[in-house]
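J.: Below: one structure in structure tokens.
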Amino acid sequence: MADGKEGDLKLLGMHVSPFAHRVSMALGVKGVRYEYIEEDLFHKSELLLSSNPVHKKVPVLIHDGRPICESLAIVEYVDEVWSGDGRPAILPADPYERAIARFWASYIDDKFFPAWLGIMRATTEEARGEKVKETQDAVQNLEKAFSEIAGGKGFFGGDTVGYLDLALGCFLPWFGAMRMMFGLEVIEAATAPLLAGWAERFGETAVAKEVLPEPEKAVAYAKKLQAYRASLNK
Amino acid sequence: MSATVKLIGFFDSPFAHRAEVALRLKGVPYELILEEDLHNKSELLLKSNPIHKKVPVLLHGDRTICESLVILEYVDEAFDGPPLLPVDPYGRAMARFWARFLDDKCSKPFWLSLWTEGEAQKGFVKEIKENLKLLEGQLVKGRKRFFGGDAVGYLDVASCGFAHWLPVFEEVAGVRLVTEEEYPDLCRWAKEYASDETVKQCLPDRAELLAHFTARKDFFVATAKAIMAPN
């Protein structure tokens, strides 16, 4: 659905970056076409370094030559630029519902993400155990949030995917990777039944199927990263 | 919606100030509920913000909103009045990016540059000074009086800590991070922000802040040690 607003639209991403996937999925929800550029994060391009000099990270959305950085800021930008014209909205319309969505997106990035990432990065059993507990506590909070926000519907966004679905759903390939690497279930059906149901449902959506890679890809990347870190420590 | 608005805050908190000044900029009448002691939090605070247990918390009728930046956007969207965020999507994305930069990249090195020593402190001082230069760069573009342009906006409010609280912390810690020579635009902005008619109505008294922080210096040093401890 090209309508001229697309102009020159590029997304700098990485094939297993959940944060880049948030943006790809947002663009998918809106039906917007763009040029995808795969970045090698071990050899960052001039374009990436000049577009995101502050963080030097993906994703970066470059719209008519202007870079926008930070995945959640980019998703809100996409929602605002490609609004109306019968396109689905990503954030809810109501200010209070938007506040709730933003609160939990912040929680996902500030508390949940560092916890499960910490499981992968832990170097001792004790440290890993602590991060597992933190992750489980965060999942319980998100389970409760889902029951309050979804109000009996299938997604955080209601009948269709919204902001929080993208913010959390982007991690599903990595949860699959952790299952494969550690035998660890981040979202356990026994203790987080609503989220487990949501995860399956989200994985079946067109936008998730189009964007999210198989967990094997994340495992392969994790091994590459491990080897790289080990080589630095020699 | 004409329901009552209450704000749970604490006098020394720049995060609570962010929320309070947003309400004032929008012209929203509110009742301020001040926590007396953040080491002995009220039932109301613990019940209203069970996840983080922090101020500020905005109570709007039966709605509860937590996290200062989330509150800023809520106040901007739920009430009429001059916009706090820029109107255009790109401007909004920039404002959100820099506000997150403050909380994600500036808070920690700022805090640790004050209360640590030796080589570690040197590293944090370098980091916060570089990051403050990046923030200042947002003012220099277009020679702006405020981050928001001609009027105080979202990013000015988000940056309030560096306008009013930073000099007090510098004095208590005996550490100088921001000088007029090195940061002419940031210092000019800080003065503009703190003397704005609306802002100054809800800035805590400098002498009170100084006394309060001086009394808590040992606690601050302990928090820095805890952050630095290997885990």
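The values are calculated or read from the model by the stated rules, or taken from the named source; none is laboratory data. Predicted model, so just to flag it, every value in this text is computed and none were measured. Glycine also receives a Cβ, built like all others from the backbone with ideal geometry; neighbour counts cover every protein chain displayed. Just the protein is used for accessible areas: all its heavy atoms, side chains included, with ligands, DNA and RNA removed. Shrake-Rupley method; radii C 1.70, N 1.55, O 1.52, S 1.80 Å.
J.: What is the distance, in nm, between label points placed 7 Å from the Cα along the Cα-to-Cβ direction at B:Glu197 and at A:Leu225?
T.: Label-label distance for B:Glu197 and A:Leu225, simple model: 5.2 nm.
J.: Could I ask something else about it? If you take every residue apart from B:Tyr74 with its C-beta less than 9 Å away from the C-beta of B:Tyr74, what net charge results, scoring Lys and Arg +1 and Asp and Glu -1?
T.: 0
J.: Give me a comma-separated list of calculated 3J(HN,Hα) values for the range B:24-33, in order, Karplus coefficients 6.51, -1.76, 1.60 applied at θ = phi - 60°, integers in Hz, x for any Gly or Pro.
T.: Each residue's phi maps through the Karplus curve to give 5, 5, 8, x, 9, x, 8, 9, 8, 10 Hz.
J.: Taking H placed 1.01 Å from N in the peptide plane, check which residues at least 5 places from A:Val60 or on another chain put their amide H under 5 Å from its amide H.
T.: Sorted by chain and number, the residues that satisfy this are A:Leu12.
J.: Then there's this: Could you run the Karplus curve 6.51 cos²θ - 1.76 cosθ + 1.60 with θ = phi - 60° over the range A:81-90 and give me ³J(HN,Hα) per residue in whole Hz, x for Gly and Pro?
T.: 5, 9, 10, x, 6, x, 7, x, 8, 8
J.: Stretch B:Phe220-B:Asp62 to full length: gain in nm at 0.36 nm per residue minus the Cα-Cα span?
T.: Contour length minus the Cα-Cα distance gives 53.3 nm.
J.: Then there is this: Sequence-distant or interchain residues sharing an amide H contact under 5 Å with B:Leu85, placed H: which?
T.: B:Tyr154
J.: How high is the relative contact order of chain A, in percent, counting Cα pairs under 8 Å that sit 6 or more residues apart?
T.: Worked out over chain A, it gives 18 percent.
J.: With a cut-off of 18 Å, note down the residues of the range A:81-100 whose backbone N falls inside the zone around a label point 7 Å from the Cα of A:Glu210 toward its beta carbon.
T.: From the range A:81-100, the list is A:81-91.
J.: Any idea what the alpha-carbon Rg over 2.2 N^0.38 Å comes to for the range B:89-228? Don't jump to the answer; show the numbers that get you there.
T.: Details: Rg = 15.2 Å, N = 140, 2.2 N^0.38 = 14.4 Å.
Its radius of gyration relative to the 2.2 N^0.38 Å reference: 1.06.
J.: Oh, and also: If you take the accessible area of A alone, add that of B alone, and subtract the area of the pair, what total do you get in Å², probe 1.4 Å, to the nearest 100?
T.: 2300 Å²
J.: In whole percent, what relative contact order does the range B:5-78 give with Cα contacts below 8 Å and a gap of six or more residues?
T.: Values: 103 pairs, mean separation 29.4, N = 74.
The normalised contact order for the range B:5-78 reaches 40 percent.
J.: How much of the DSSP beta bridge set in the protein assembly as shown is antiparallel, as a percent to the nearest 5?
T.: So the antiparallel bridges amount to about 70 percent of the total.
J.: Rounded to the nearest 5, what % of DSSP beta bridges with both residues in chain B are antiparallel?
T.: About 70 percent, rounded to the nearest 5.
J.: How many nm is it between the label spots at A:Glu46 and A:Asp137, if each spot is 7 Å from the Cα in line with the beta carbon?
T.: Placing both labels 7 Å beyond Cα along the Cβ direction yields 4.8 nm.
J.: Can you give the mean number of other chain Cβ atoms that lie within 10 Å of the Cβ atoms in peptide B:43-53?
T.: Values: counts 0, 0, 0, 0, 0, 0, 0, 2, 8, 5, 0.
Mean shielding by partner chains, rounded to a whole number: 1.
J.: Compute the Cα gyration tensor for the range B:41-81, then decide on rounded, prolate or oblate, letting a ≥ b ≥ c be the square roots of its eigenvalues: rounded whenever a/c is under 1.5, prolate when a/b is larger than b/c in the other cases, and oblate in all that remain.
T.: Prolate, because a/c is 1.5 or more and a/b exceeds b/c.
J.: If each residue of separation counts as 0.36 nm, what is the full-extension length gain between A:Glu200 and A:His55 once their alpha-carbon separation is subtracted?
T.: Numbers: separation 145, 0.36 × 145 = 52.20 nm, distance 3.29 nm.
Full extension of this stretch gives 48.9 nm more.
J.: Where does the charge balance sit around B:Ala190 when Lys and Arg score +1, Asp and Glu -1, over other residues with C-beta under 15 Å from its C-beta? The partial results should precede the final answer.
T.: Working: positive: B:Lys133, B:Lys144, B:Arg145, B:Arg176, B:Arg188, B:Lys191, B:Lys200, B:Arg206; negative: B:Glu136, B:Asp156, B:Glu170, B:Glu171, B:Glu180, B:Glu181, B:Glu182, B:Asp185, B:Glu192, B:Asp196.
Residues close to B:Ala190 contribute a combined charge of -2.
J.: Same structure, new question: Report, as an integer, the average count of C-beta atoms from other chains found within 10 Å of each Cβ along B:93-101.
T.: The shielding value for this peptide is 6.
J.: Let me make sure I get this right: for the range A:57-179, a, b and c are the square roots of the gyration tensor eigenvalues over alpha carbons, sorted descending. Under 1.5 in a/c it's rounded, otherwise prolate if a/b > b/c, else oblate. Which is it?
T.: oblate
J.: Moving on. Output ³J(HN,Hα) for the range A:166-173: one whole-Hz value per residue in order, computed from phi by the Karplus curve 6.51 cos²θ - 1.76 cosθ + 1.60 with θ = phi - 60°, and x for Gly and Pro.
T.: Rounded to whole hertz, the list is 5, 4, 9, x, 4, 8, 4, x.
J.: Now, a different point. How much of A:Lys44 can a 1.4 Å solvent probe reach, expressed as accessible area in Å² and rounded to 10?
T.: Counting only protein heavy atoms, A:Lys44 exposes about 80 Å² to solvent.
J.: Going by amide H atoms built from the backbone, whose H comes under 5 Å of the H on B:Val57, apart from near neighbours?
T.: The list, which skips near neighbours in sequence, is B:Ile8.
J.: At R0 = 22 Å, how high is the FRET efficiency between A:Glu97 and B:Asp104 if r is their beta carbon distance? Nearest 0.05 is fine.
T.: 0.30
J.: Is the range B:1-135 rounded, prolate or oblate when judged by the Cα gyration tensor, a ≥ b ≥ c being the square roots of its eigenvalues, rounded requiring a/c under 1.5 and prolate requiring a/b larger than b/c? Don't jump to the answer; show the numbers that get you there.
T.: Details: a/c = 2.79, a/b = 1.36, b/c = 2.05.
Here the range B:1-135 falls in the oblate category.
J.: Below 8 Å between Cα atoms, with a sequence gap of 6+, how large is the relative contact order for the range A:9-82 in percent? Can you show the working numbers first?
T.: Details: 104 pairs, mean separation 29.0, N = 74.
Rounded, it is 39 percent for the range A:9-82.
J.: Starting from the Cα coordinates of chain A, work out the convex hull volume and express it per residue in Å³. Walk me through the numbers before you get to the answer.
T.: Details: hull volume 29.7 nm³, N = 234.
Normalising the Cα hull of chain A by residue number yields 127 Å³.
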